[in-house]
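Visitor: This is the structure I have questions about; it appears just below.
Readers should treat all values here as calculations from the given coordinates under stated rules, not as data from a laboratory. Here the structure is a predicted model, which is why all the values come from computation and not from measurement. Because the Cβ atoms are built from the backbone with ideal geometry, glycine has one as well, and the counts that use them run over all protein chains shown.
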Amino acid sequence: VIWDPQRTETISVDNPATHHMNVDYNAYEGITVQGMAETVISRGQVIVEQGRYCGRAGQGEYLKRAAPELI
C-alpha cells in the first residue's frame, strides 16, 4: 500500500474515491477524512491506482472465518 497522509476526501456515495459498493447509502456520509491509499498491490497486481479501484471481478479470494465467540 502506498499511503498519501495529506490527501483529504469527503465520504459520499457520489464520490468514487470513497464509495465502492453497489448501495445508495454510506453510514459515514459527509465525514471528511485525511489520508488515503493511493496505490494498492495484491499478489503483484495493482488493484488501486491513483485512488481508483482497477481490479477485476474474481481477482480476490474469500477467506471463511468462524464467528467471534461473543456472538
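Visitor: Any chance you could count how many residues in the stretch 43-66 are in a loop (DSSP other than H, G, I, E, B), surrounded by 10 or more Cβ atoms within 10 Å (Cβ to Cβ) and either among the aromatic types (Phe, Trp, Tyr) or in contact (Cβ under 8 Å) with a residue 24 or more places away in the chain (or both)?
Guide: Residues that pass the stated criteria total 1.
Visitor: Considering (1) surrounded by 11 or more Cβ atoms within 10 Å (Cβ to Cβ); (2) in contact with a Ser or Thr (Cβ under 9 Å, 6 or more places away or on another chain); (3) without any contact (Cβ under 8 Å) to a residue 40 or more places away in the chain, say which one residue 40 fails and leave the rest.
Guide: (2)
Visitor: Hey, can you tell me all the residues within the stretch 3-42 that are within 20 Å of residue 54 (Cα to Cα) and hydroxyl-bearing (Ser, Thr, Tyr)?
Guide: 12, 18, 39, 42
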